[in-house]
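> Below is a structure I'd like to ask you about.
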Amino acid sequence: MSNEITMDDIISKMATQSAELEELKKTFQQVSDYPDSMQIEYSDELKTKTFEKAPFLRFLESKGQVFDGKAALAGYFKETPGNTDVAFIDELDDIPAANAETISEIKDKMKTIVAPIEVSMMAQMGNWKLDLLQRQIDKRFIEVNNTTDSTLLEGAGTTAKKDFKGITKSITTHTEDLNGDPITESVIDDMLEEIINDGGNPDVIVCSYGVAKQLKAIVAPYRRYNDKIDIGLGHKVTSYESMFGTDIPILVDGNFNVSANDDKLAIIDSSTIEVRRLMPPTLIQDLPVNKLAYKNVIATFLTCLNVGEFQDGLITGIGPEE
């Protein structure tokens, strides 16, 4: 058998290597064409603006209830309370059966929020006093957080809406519809008592603007509207002193959907609200374009679940003060 290499062998070998090099070149080209991404950090200005537009989200962040994950599928353990089974027994009675709470494992896929940004090259390059692109980035970052906050409160959690379920849809145990009557101190205290009796530890009240106005009028004569307290975000908010002696911060959030005679107030144990994020709000740069413009997007992947709704309360149908 001859081991001689013919000219045809050399040509075939070079053709094969050339094809492999072309494929490798394509791979490098595709990788280099991928958009860059950069996570956005809170500046002092963004912190203030985010709290103004998304106070409930920022509060949950301060309480450590926003968790960063590494998978597109988030897992939760949801608690359902059992019946009260504490009782006196005689000395030799059998110990009664326990009615323990039920722990359910729930999985939920991350949802996507995007805010597109487009600034023409001429507008950006021809402006010496204002960075239009950075201005748009900051505004869209706030809008993404605002949308997240709105969904935390009012999300439908449906395929059509492509969002997750908010607290107004998830709280079913402790609810009350005032049918157009104004809020009263006794209504709030009754709700607090019910929640605490079920094992909840309410640490925040979230309300719409109309309710905040009523709260101020209700508590002022009794000095129940206390000095502002620091909630750990560089912001101080007014608190409500419950009959148990605890000061509960009040967040006034404009993302509650309200209409005539339908203002809202939620009493929340923040440990029941778990926000899971695969990607915090991130700037995706250099998206493909066919025009003379900078095309970017701010995107986030996240979802949320109320893992113990019986520890929260919701009062709806609050009408104007009389």
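Bear in mind these aren't lab numbers, they're just calculated from the coordinates by the rules spelled out. Quantities reported herein were computed from a predicted structural model and do not represent experimental measurements. For neighbour counting, all protein chains shown are included, and Cβ atoms are generated from backbone atoms with ideal geometry for every residue, glycine included.
> At R0 = 56 Å, how high is the FRET efficiency between F244 and A71 if r is their beta carbon distance? Nearest 0.05 is fine.
For F244 and A71, the calculated efficiency is 0.90.
> Applying 1/(1 + (r/R0)^6) with R0 = 30 Å to the Cβ-Cβ distance of E105 and A293, what FRET efficiency is obtained, to the nearest 0.05?
The value I calculate is 0.05.
> Excluding I103 itself, calculate the net charge of residues whose Cβ lies under 13 Å from the Cβ of I103, where each Lys or Arg counts +1 and each Asp or Glu counts -1.
Spelling it out: positives minus negatives among the neighbours equals -2.
> With only Lys, Arg, Asp and Glu charged, each at its Cβ (+1 for the first two, -1 for the last two), find how big the charge dipole of region 239-322 is about the Cα centre; round to the nearest 20 debye.
Working: 5 positive and 12 negative charges, 176 e Å.
With Lys and Arg at +1 and Asp and Glu at -1, about 840 debye.
> Here's another thing I want to ask about it. Pull out a ≥ b ≥ c, the square roots of the eigenvalues of the alpha-carbon gyration tensor of region 167-275, then state rounded if a/c is under 1.5, prolate if not and a/b is larger than b/c, and oblate in the remaining case. The partial results should precede the final answer.
Details: a/c = 1.20, a/b = 1.05, b/c = 1.14.
Judged from the Cα gyration tensor, region 167-275 comes out rounded (a/c under 1.5).
> Would you order R277, R135, R58 from fewest to most other beta-carbon atoms within 10 Å of each residue's own beta-carbon?
On the way: R277 18, R135 13, R58 24.
Arranged by neighbour count, lowest to highest, R277, R135, R58 become R135, R277, R58.
> Is there a pair in K162/K236; K107/K213; K213/K236 whose C-alpha atoms are over 29 Å apart, and which pairs would that be?
K162/K236; K107/K213
> Name the long-range amide H neighbours of K264: under 5 Å, sequence gap of 5 or more, or other chain; modelled H, no Pro or chain starts.
Answer set, sorted by chain and number: S208, V211.
> Just to verify a number: FRET efficiency for A260 and M121, C-beta to C-beta distance, R0 = 41 Å, to 0.05?
On the way: r = 48 Å, r/R0 = 1.16.
For A260 and M121, the calculated efficiency is 0.30.
> Which whole-Hz ³J(HN,Hα) couplings does region 177-187 yield from phi under the Karplus relation 6.51 cos²θ - 1.76 cosθ + 1.60, θ = phi - 60°, glycine and proline marked x?
Running phi through 6.51 cos²θ - 1.76 cosθ + 1.60 with θ = phi - 60° gives 10, 7, 6, x, 7, x, 6, 10, 5, 5, 4 Hz.
> Next question, about the same structure. Name the shape class, rounded, prolate or oblate, that the alpha-carbon gyration tensor gives for region 53-123, where a ≥ b ≥ c are the square roots of its eigenvalues, rounded holds for a/c under 1.5, and otherwise prolate holds if a/b is larger than b/c and oblate otherwise. It would help to have the intermediate numbers written out before the result.
Details: a/c = 5.79, a/b = 3.26, b/c = 1.78.
Prolate, since a/c reaches 1.5 and a/b exceeds b/c.
> If you don't mind, another one. Which number comes out as Rg/Rh for region 108-179 once both Rg and the Kirkwood Rh are worked out on C-alpha atoms? Before the final figure, lay out each step's value.
Details: Rg = 18.5 Å, Rh = 15.1 Å.
Result for region 108-179 is an Rg/Rh of 1.22.
> Could you pull out every one of the lysines with an alpha carbon less than 28 Å from that of K291, ignoring same-chain neighbours closer than 8 positions?
Here the lysines satisfying the reach criterion relative to K291 are K25, K26, K129, K139.
> Can you list the residues, at least 5 places off or on another chain, whose amide H is less than 5 Å from the amide H of I117, using H built in the peptide plane?
When sequence neighbours closer than 5 places are left aside, the close amide H contacts are N296, V297, I298.
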